[in-house]
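Novice: Structure incoming, see below.
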Amino acid sequence: MGAAASIATVVVSSIPAIAAGVLHLVRLLRSTPPGENPTHAAIEAENRAQAAREESERLIEEAEVSAQRAQEAQAAMEAAQAEAERIKAQAEGDQLESQHREREAREEAQKAVEAARQEASRQQQLAEQENHRAVESQRAAEEAARLAAQEAQAVRESAQAEQEEAQRRESEMREEARKAVEAAQQEALRQQHIAQEENRRALESLQAAEEVARIAADEARAAVEAREDMARQLREGIQPVVMPTMAQFEEAKQRIEYRDGFYHFAIAGTAGSGKSSLINALRGLKNKDSRAAPTGIVETTLSVGRFPDADSKNPIVWYDIPGAGTLKVPDWQYFNDQGLYVFDAIVVLVDNRFTKTDIAILRNARLFRIPCYIVRSKADVHIRNVMLDMGYDSDDEEQDEEAREEIEESARESFIDGTRANVGDILRNADLPAQRVYIVSNSTMLSATKRNITSKVAKRMIDELEFLRDLLKDAFKRRGVAEKAKGLSSLLGV
């Protein structure tokens, strides 16, 4: 009875270990990466060999212990029953503390009793058959194992060859797929670039069409205004504007050495208005520079002065147009005779007053749709004169700096307001539309073009930077390349 109980105890106690072993195998199965799948023939051959080996071992073992196993199974059943009763009695004594473990132990005991009963019945049935089959089965198993081993070896070699071939084909397919993907990506990128380029061209075409429509509308409006202006001039006895012929247009371009790809800016004004000094400042040169336009000389020349920008990176040519007072030409013919219709922009430089020629330039520039700017130069000189009129005495050592600055600020405001009001009155009296007058000093203009704007220079500036910005912006717009204004403006330091 004691031996049977011990066997039942071993059976029951081995269940957790078996379960743990199964769990360990499952974990290994999950954690071990799968290898290449064997072929069906390899699987069958391996299964047959394994079954033969297991059958041989089992038959030998079972033949030796079959009789004893039947008796031990019966005893194990009785012992398991007794152990189950003992476990149950023990579990009842500890019910409050381990109810969950009691249920598991009861189930395990029941399973063990059932398994033992079934095993005993099965072993009893097989014991009689296994004795006389053991030797014969062993021989058959050994032969089967040998044949299975040979077949398995052949299958493994065949499978290895097939695997190598499959890997080679897979590698080739991967390479072809990679090339196909790369080609598709390149084609998609090319198509994307084409689409972007087409969108850009479509947008540019739309913008160009809008610009052409706007220009056409402006020209139509200008034509109507020109007809009305011509009718008014005829009534008032004003000489008409004569449009140049194509030959005259080309002759004027040759005369000023017009170059494609450059911007040509004309500075017009009376003698002594400071044209040469302003041109030098716009070119970033001092009057004493060897490349500067001559200054301080009474204007007697009858030809246009041509001065390329001092910085070769700036595609700009500045022109000094002779004052009308030095030419024996009527005011209304001055614009055409000087070929001002070929310039990209015209600057009318005024000092203390407007002349008839200045008015004629403004009116003709408007008819030819050429940007034209009114500039009052020598602002620093005029402001100092206003300061003197206000009682400022530079020789007065007792006058403090604060008082001087107050007088200068007041004189500055007075000069600016007076200049703007005076120009507005002149334009109204000449029946011309209102137009901004740019008030500048040559010294501050030089600092602006040389990008040397200190806090002191910035305090003295009035319209220098705005003039440069508008001059370039309008010229580029007239050429249809407004998007380049920012780049060239930066070259000039604007």
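The values are calculated or read from the model by the stated rules, or taken from the named source; none is laboratory data. Please read all numbers here as calculations on a predicted model, not as lab measurements. Here the Cβ is made from the backbone with ideal geometry for all residues, glycine too, and neighbour counts use every protein chain on show. Side chains included, ligands, DNA and RNA excluded: accessible areas come from the protein's heavy atoms. Shrake-Rupley method; radii C 1.70, N 1.55, O 1.52, S 1.80 Å.
Novice: I'm trying to understand the selection: among the residues of the range 126-151, which are of a type in the set (A, V, I, L, M, F, W, C) and either closer than 29 Å to Q71 by Cβ or out of contact with any Lys or Arg (no Cβ under 8 Å at 6 or more places or on another chain) (or both)?
Specialist: L126, A127, A134, V135, A140, A141, L147, A149
Novice: Being part of a loop (DSSP other than H, G, I, E, B), surrounded by 12 or more Cβ atoms within 10 Å (Cβ to Cβ) and modelled with pLDDT under 80 is the filter here, so list the residues in the range 231-260 that pass it.
Specialist: Listed by number, the residues that qualify are I238, Q239, V241, V242.
Novice: Using beta carbons and a limit of 6 Å, which pairs, at least six apart or on different chains, have the first residue in the range 399-423 and within 30 Å of K356 (Cα to Cα) and the second one among the aliphatic types (A, V, I, L, M) and in a helix (DSSP H, G or I)?
Specialist: Within 6 Å, the pairs are A411/I383; A411/V386; A411/M387; R412/I383; S414/V386; F415/I383; F415/V386.
Novice: Working carefully through the options R363, R369, R384, find the one that is part of a loop (DSSP other than H, G, I, E, B) and either surrounded by fewer than 19 Cβ atoms within 10 Å (Cβ to Cβ) or in contact (Cβ under 8 Å) with a residue 24 or more places away in the chain (or both).
Specialist: Of the residues listed, the single one that is part of a loop (DSSP other than H, G, I, E, B) and either surrounded by fewer than 19 Cβ atoms within 10 Å (Cβ to Cβ) or in contact (Cβ under 8 Å) with a residue 24 or more places away in the chain (or both) is R369.
Novice: Is there a residue being surrounded by fewer than 19 Cβ atoms within 10 Å (Cβ to Cβ), modelled with pLDDT of 85 or more and basic (K, R) anywhere in the range 332-355?
Specialist: no
Novice: Please indicate, with yes or no, whether at least one residue in the range 277-295 is closer than 19 Å to V440 by Cα, of a type outside the set (A, V, I, L, M, F, W, C), open to solvent by 20 Å² or more (accessible area, probe 1.4 Å) and at pLDDT below 90.
Specialist: yes
Residue-wise test of (1) at pLDDT 90 or above; (2) aromatic (F, W, Y).
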site: A403; (1), (2): no, no
site: F415; (1), (2): yes, yes
site: A421; (1), (2): yes, no
site: R428; (1), (2): yes, no
site: V440; (1), (2): yes, no
site: K450; (1), (2): no, no
site: G487; (1), (2): no, no
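Novice: Looking at S394, S377, which is the one that is open to solvent by less than 40 Å² (accessible area, probe 1.4 Å), at pLDDT below 90 and on the phi < 0 side of the Ramachandran plot?
Specialist: Going through S394, S377 in turn, the sole match is S377.
Novice: Return yes when R221 is closer than 30 Å to Q50 by Cβ and open to solvent by 100 Å² or more (accessible area, probe 1.4 Å) and no when it is not.
Specialist: Answer is no for this residue.
Novice: For the range 398-414, check the following and say yes or no: at least one residue is in contact with a Gly (Cβ under 9 Å, 6 or more places away or on another chain) and farther than 30 Å from A292 by Cα.
Specialist: Checked the range 398-414: at least one residue is in contact with a Gly (Cβ under 9 Å, 6 or more places away or on another chain) and farther than 30 Å from A292 by Cα.
Novice: Same structure again: Give the residues of the range 123-141 that are surrounded by 13 or more Cβ atoms within 10 Å (Cβ to Cβ) and either within 24 Å of A49 (Cβ to Cβ) or without any contact (Cβ under 8 Å) to a residue 12 or more places away in the chain (or both), sorted by residue number.
Specialist: L126, E130, R133, A134, S137, Q138, A140, A141
Novice: Being open to solvent by less than 40 Å² (accessible area, probe 1.4 Å), closer than 30 Å to E228 by Cα, out of contact with any Phe, Trp or Tyr (no Cβ under 7 Å at 6 or more places or on another chain) and outside any helix (DSSP H, G or I) is the requirement here; does L427 meet it?
Specialist: Considered against the rule, which asks whether it is open to solvent by less than 40 Å² (accessible area, probe 1.4 Å), closer than 30 Å to E228 by Cα, out of contact with any Phe, Trp or Tyr (no Cβ under 7 Å at 6 or more places or on another chain) and outside any helix (DSSP H, G or I), L427 comes out as no.
Novice: Additional query: What are the residues in the range 24-53 that are open to solvent by 100 Å² or more (accessible area, probe 1.4 Å) and at pLDDT 80 or above, if any?
Specialist: Of everything in the range 24-53, just one residue is open to solvent by 100 Å² or more (accessible area, probe 1.4 Å) and at pLDDT 80 or above, namely R48.
Conditions tested, residue by residue: (1) at negative phi; (2) in a helix (DSSP H, G or I); (3) crowded, with 17+ Cβ neighbours inside 10 Å.
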site: S447; (1), (2), (3): yes, yes, yes
site: K456; (1), (2), (3): yes, yes, no
site: I462; (1), (2), (3): yes, no, yes
site: E466; (1), (2), (3): yes, yes, no
site: L471; (1), (2), (3): yes, yes, yes
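Novice: So E182 clears everything in (1) open to solvent by less than 70 Å² (accessible area, probe 1.4 Å); (2) more than 30 Å from R58 (Cα to Cα) except one condition, right? Which one?
Specialist: (1)
Novice: Run R178 past the list (1) touching a residue at least 40 places away in the same chain (Cβ under 8 Å); (2) among the charged types (D, E, K, R); (3) more than 21 Å from V65 (Cβ to Cβ) and report the number of the one that doesn't hold.
Specialist: (1)
Novice: Follow-up question, since we're still on this one. Which one of these is aliphatic (A, V, I, L, M), exposed (fewer than 13 other Cβ atoms within 10 Å of the Cβ) and in a loop (DSSP other than H, G, I, E, B): A403, A421, A434?
Specialist: One residue alone meets the criteria, A434.
Novice: Is there a residue in the range 66-80 that is closer than 30 Å to A49 by Cα, open to solvent by less than 60 Å² (accessible area, probe 1.4 Å) and of a type in the set (A, V, I, L, M)?
Specialist: Yes, some residue in the range 66-80 is closer than 30 Å to A49 by Cα, open to solvent by less than 60 Å² (accessible area, probe 1.4 Å) and of a type in the set (A, V, I, L, M).
Novice: Hey, among R200, R174, R169, which residue is within 26 Å of A42 (Cα to Cα) and either assigned to a helix (DSSP H, G or I) or of a type in the set (K, R) (or both)?
Specialist: R169
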